Amino acid sequence: MNTQSNVAITLETILSALTKVEKANGTELDSLKLALSSVPTKAVDLFHSVAKSESIDDRFKCLLEYCSQDTNEAKYLLEASLLM
């Protein structure tokens, strides 16, 4: 998989991708965005790690570790990672 795009991973690109996920799913992810915004370096590092994953399953596992097994949050983060 490992299809890294030319988009720089920043907190802004993460939040932008999450906004698109919100619209696509008809949901509100303000608490997730706030959580990521409170630890911007960790959020960027997380998405860099996810981008290096070889498969979607590996991406999801990485995100589950961050989300403390909250599969809904991990699902939304996975969708956002695929948009970046």
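The values are calculated or read from the model by the stated rules, or taken from the named source; none is laboratory data. The structure displayed is predicted, hence computed values, not measured ones. Heavy atoms of the whole protein, side chains included, go into the accessibility calculation; ligands, DNA and RNA do not. Shrake-Rupley method; radii C 1.70, N 1.55, O 1.52, S 1.80 Å.
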Listed residues ILE14, ILE56, ILE9 arranged by accessible area, highest first, probe 1.4 Å: ILE56, ILE9, ILE14
Just the number, please: carbon plus sulfur as a percent of the accessible area of segment 1-63, 1.4 Å probe, no ligands or DNA/RNA counted. 54
If you look for lysine pairs in the chain that are eight or more places apart or on different chains, how many of them have Cα atoms under 19 Å apart? 12
Express the accessible area of the chain per residue in Å², computed with a 1.4 Å probe while the remaining protein chains stay in the model. 59
